[in-house]
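The values are calculated or read from the model by the stated rules, or taken from the named source; none is laboratory data. As the structure is a computational prediction, the values presented were derived from the model and not from experiment. Here the Cβ is made from the backbone with ideal geometry for all residues, glycine too, and neighbour counts use every protein chain on show. Protein only, heavy atoms only, side chains kept; ligands, DNA and RNA dropped before computing areas. Shrake-Rupley method; radii C 1.70, N 1.55, O 1.52, S 1.80 Å.
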Amino acid sequence: MKIWNQAPLIRLLLPFIAGIISAVYFPFEIKNFWLIVLPYILFIAAVVSIPSLKISYKRSWIFGITINLLLFAFAYHLTIDKTQKLKPGHFSKLLADKKTKVRAVILQSPLEKEKTFKVILDVVACETNSGWKRSEGKVLLYLQKNEAARRLAYGDELLINTTFTAIPPPQNPGAFDYKRFLSFHNIYHQCYADSNSWVAPGINSGNPVLRYSYTLRDQLLAILRSHHIQNDEYAVGAALMLGYADKLDQDIISAYSSTGALHVLSVSGLHVAIVYVVFNWILFFLDKVKRGNIIKAAVLILLLWFYSALTGLSPSVLRAATMFSFIIIAKAFDRHTNIYNTLAASAFVLLAIDPFLIMEVGFQLSYIAVIGIVYIQPKIYSWYETDNWLLDQVWTITAVSIAAQIATFPLGLHYFHQFPNYFLLSNFIVIPLSTMIIYIGIALFVFAKISLIATYLALGFGWCVWLLNASVKLIEKWPCSLLKDISVNITETWLLYAMIVLFLLYFSKRTVNYLVLSLSMLLLILFSQIIEQHAQFHQRKLIIYNVPKTSAIDFISSKRNILYTDTVFAENENAQLFHIRHNWWELGVNTTMIVCRDTATAEVCIRNNSIQFFNKKIVRLDKQYRQQEYDFGKRIAIDLLIVSENADIKIRDILKVYQPGRIVFDSSNSAYKLKAWKNECLLHDRPFYSVTESGAFEMNI
């Protein structure tokens, strides 16, 4: 209750967050909103400003409920108002069925992909039959690679003539919901433009500060490259210093994630704190000037927010910059700040600007980690006291790491399905090294024009990053470094947090009831897991995944599965992780066999074109199939016919051989073939399913 009373902004933040979440899941436009809430506003204003209307303590709950309802309503209305697709001027309401010409502005620096440039656009006008009309709304654009596309930058205007399509939902069970993720950034459509479908008039209408920050970031990245910092050292150094993660490959990301060190690759509170310390020290002379504390505070805030813009304005850096801004202001006016109030105030500001931040994993982890460190770390730190400076620093890092993990591991299990067992050891290495890298990097940027100093600084920078990478990769290879393939649903995540909070209350207040309630939460989690395990032990599923240009058929029995696919996909672990492994985690699969040829087990038998999966008869026809090899006088009854790899068949001829319950065209077929087969199925009144168009096919056995 002490924190609850000393940090009133937390109590106000909760209904505000509830309003945002309600609007996200249950969006509904409220007409005449201000007329509805006006009486409540007048009631609160009257109570506050007219002494004679002061509510007695017994009836103060009426005032409290009114405040909470208003905050909920304001947050709900704000979220709906920030949802661009609901606005009448959204560009999707002006799109034609064919190609549409639009004028748009680039909102972020283009991201180079393997075959395209990925660009986020703000559509400002659309061409209609009656001429150009102003519009709004973001769109995801993929540009064909060429030199003109490579030169594009933030703020550049484009004229594009292309076809816009809605972002598709997940194509495989358990897959990352990219459509939902983009919707929280107000992006609902995507398009592709080849070299002949767009032109840049040479106009830049971006925000001057952001434009300069992106230009400066490119110049700082060029400094790293000019001093021969390259490959993984460049990728990690650029991400750590400037939030530039475009060059990070999957192996590096996996190594840092597996060791619990992924947080250093995204600019966060640690980075902002170091920048604050550096510039606070540089501006020490202002402490002796009249009104210097005010000037210093203003300069520090501007520098912190410029650095935030320089690094991409990620949720974690926004949180840190906002928090430090409040702390700097309070310090300038010699005011005491409550850290919980500061946290709540920073969340209020950020969510008022962009309410959809509450749905971002980075925002959630950032705030929960800080709350954990602020509340739990002092309690852990008090367990051990020493006068030895080095031991004290080691114990401080240990306490911080444990506190952060306690606070974030339920979310980590829910979102990432894994837990790094050596997080303590990795943080002993990562935190000091990353701090040193940031200090050396700042010095390198400052002295870049002095070649002798810059050369030695670049050498030290490169060696430190190499050591950091080597340490992380070494820890990743240790046995049992990662507890993975964990499935924790959203209900179990909430139960885990309830258990943690109740146990911390017991630890703080020594009240047995809190311990009993905490153990009750644990029992509910175990009961949920038992129910889930029972369902998984009895599951039998056939899944045909939607993997572009690939045939991937999964036979799942209990906690075992056999994936029947081609050799390319069988050897591509990253592609498996993106398309199917999340589903294996959710289904509790712990024994996987990947086959590319005929095989036989207790559950499934694959021979030539025939597949027997328990009592289901399946035939798969691929490019090796030859119709003339079969006797067309017989019709074989089968449950499923799978057509793959652009098999050279006609549906009318296949129906002379087989009598399928359903025909499934997997994702290894071309659009041309698929169109012809679908027309034939319709002609012969045969049920069919296109994995490419409708997503993965699932059948419970």
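Overview of values
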{"item": "Surface share of carbon and sulfur [accessible, 1.4 angstrom probe, percent] for segment 176-227", "result": "58 percent"}
{"item": "Highest to lowest packing among 305-312, 31-38, scored as the average C-beta count within 10 Å", "result": "305-312, 31-38"}
{"item": "Folded to 0 to 90 degrees: helix 33-49 orientation relative to the chain principal axis, Cα", "result": "20 degrees"}
{"item": "Solvent-accessible area of Met359 with every protein chain in place, 1.4 Å probe, in Å² to the nearest 10", "result": "30 Å²"}
{"item": "Residue order for Asp648, Asp387, Asp156 - accessible surface, 1.4 angstrom probe, largest first", "result": "Asp387, Asp648, Asp156"}
{"item": "Fully extended contour minus Cα-Cα distance, from Ile636 to Thr386, at 0.36 nm per residue", "result": "82.0 nm"}
{"item": "Values of log10 I(q)/I(0), in the order q = 0.06 Å⁻¹, for the chain under a Debye, Cα-only, solvent-free model", "result": "-0.46"}
{"item": "Nearest-20 debye value, the chain charge dipole, Cβ charges on Lys, Arg, Asp, Glu", "result": "1520 debye"}
{"item": "Computed P(r) (all Cα pairs; segment 346-464; 10 Å bins; percent)", "result": "12, 28, 28, 25, 8"}
{"item": "All Cα pairs of segment 155-198, percent lying beyond 14 Å", "result": "60 percent"}
{"item": "Extension reserve of the Ala148-Ile329 stretch, reckoned as 0.36 nm per residue once the Cα distance is removed", "result": "60.6 nm"}
{"item": "Ellipsoid equivalent to segment 75-214 - semi-axes via the Cα gyration tensor, in Å", "result": "22, 19, 17"}
{"item": "Spacing of the two label points (7 Å from each Cα toward its C-beta) at Asp194 and Leu283, in nm", "result": "5.4 nm"}
{"item": "Enclosed volume per residue, in Å³, of the convex hull spanned by Cα atoms of segment 318-373", "result": "70 Å³"}
{"item": "Theoretical gain in end-to-end length, Ser610 to Ile36 [0.36 nm per residue, Cα-Cα removed]", "result": "200.0 nm"}
{"item": "Reach of Lys541 by Cα under 18 Å, taken over aspartates and glutamates that are not fewer than 8 positions away in the same chain", "result": "Glu532, Asp554, Glu586, Glu603, Asp639, Asp666, Glu698"}
{"item": "Surface/4 of the Cα convex hull for segment 121-279, nm²", "result": "13.2 nm²"}
{"item": "Positive-pole candidate from Asn196, Tyr234, Pro208, dipole of segment 189-268, charges at beta carbon", "result": "Pro208"}
{"item": "Quotient of Cα Rg and 2.2 N^0.38 Å for segment 251-352, N being how many residues it contains", "result": "1.21"}
{"item": "Whole-number percent relative contact order across segment 338-436, with pairs defined as alpha carbons under 8 Å at least 6 apart", "result": "25 percent"}
{"item": "Normalised contact order of the chain, rounded percent, pairs of Cα under 8 Å and 6 or more residues apart", "result": "9 percent"}
{"item": "Value in Å of the Kirkwood radius, where segment 552-663 supplies the Cα pairs that are averaged", "result": "15.3 Å"}
{"item": "Leu111 paired with Val446, simple spin-label distance in nm, labels 7 Å along Cα-to-beta-carbon", "result": "3.3 nm"}
{"item": "Cα lying deepest toward the dipole's positive end in segment 500-620, options Val516, Leu505, Ala575, charges on Cβ", "result": "Val516"}
{"item": "Accessible carbon and sulfur surface of segment 74-126 relative to its total accessible area, %, 1.4 Å", "result": "49 percent"}
{"item": "Dipole of segment 77-121 [Lys/Arg +1, Asp/Glu -1 at C-beta], most positive-end residue of Gln108, His90, Ile80", "result": "His90"}
{"item": "Degrees separating the helix 315-332 axis from the principal Cα axis of the chain, which is the longest one", "result": "10 degrees"}
{"item": "Accessible carbon and sulfur surface of segment 420-489 relative to its total accessible area, %, 1.4 Å", "result": "75 percent"}
{"item": "Leu683-Thr337 pseudo-label distance in nm [points 7 Å out on the Cα-to-Cβ vector]", "result": "7.3 nm"}
{"item": "Normalised convex hull volume, segment 501-618, alpha-carbon set, Å³ per residue", "result": "126 Å³"}
{"item": "Tail weight of P(r) past 11 Å, computed on alpha-carbon pairs of segment 578-620, percent", "result": "71 percent"}
{"item": "Surface per residue (accessible, 1.4 Å probe) for the chain, Å²", "result": "53 Å²"}
{"item": "Accessible-area ranking of Asp81, Asp122, largest first, probe 1.4 Å", "result": "Asp81, Asp122"}
{"item": "Dipole magnitude of segment 135-192, debye to nearest 20 (Cβ charges: Lys/Arg +1, Asp/Glu -1, about Cα centre)", "result": "160 debye"}
{"item": "Angle between the chain longest axis and helix 451-477 axis [Cα atoms, degrees, rounded to 10]", "result": "60 degrees"}
